[in-house]
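Single-structure report; data block below.
Values quoted throughout were computed directly from the atomic coordinates according to the rules given, and no laboratory measurement underlies them. Please read these numbers as outputs of a predicted model, since none were measured by experiment. Heads up, the Cβs are rebuilt from the backbone with ideal geometry, glycines too, and the neighbour counts pull from every protein chain shown.
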Amino acid sequence: MPAPSSCLHRRLVTSELCHVEQCSRGTIHVRLGEITLHLRPQEFVSIAAALRMASNRVDSPELEPATATRLLC
């Protein structure tokens with residue numbers, strides 16, 4: 001049984017380069033290789049929207065369509 005101070009993590013998405021979880025206390029944990037970001041939900045949504053906009057503006061002929069991401073419910 002987990003200690004009262006710990007939280008349970010629910011995996012939101014996993015891809016080849018990124019792993020995103022939300023803990024039972026609400027914090028979003030984003031792992032990018034050796035880097036982990038701990039964000040409040042509103043911060044995560046704002047950053048995700050900014051990254052989505054930036055990714056739509058990337059112009060590179062060698063880019064292939066994004067690989068499928070495994071969504072976990």
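Here is how the numbers come out for the structure above:
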{"quantity": "Residue tally, condition loosely packed, with under 13 Cβ neighbours inside 10 Å and not polar (S, T, N, Q), over region 10-62", "calculated": "25"}
{"quantity": "Any pair with Cβ under 7 angstrom, 6 or more apart, that starts in region 7-25 at a residue that is without any contact (Cβ under 8 Å) to a residue 60 or more places away in the chain and ends at one that is part of a loop (DSSP other than H, G, I, E, B) and of a type in the set (K, R)", "calculated": "C7/R25"}
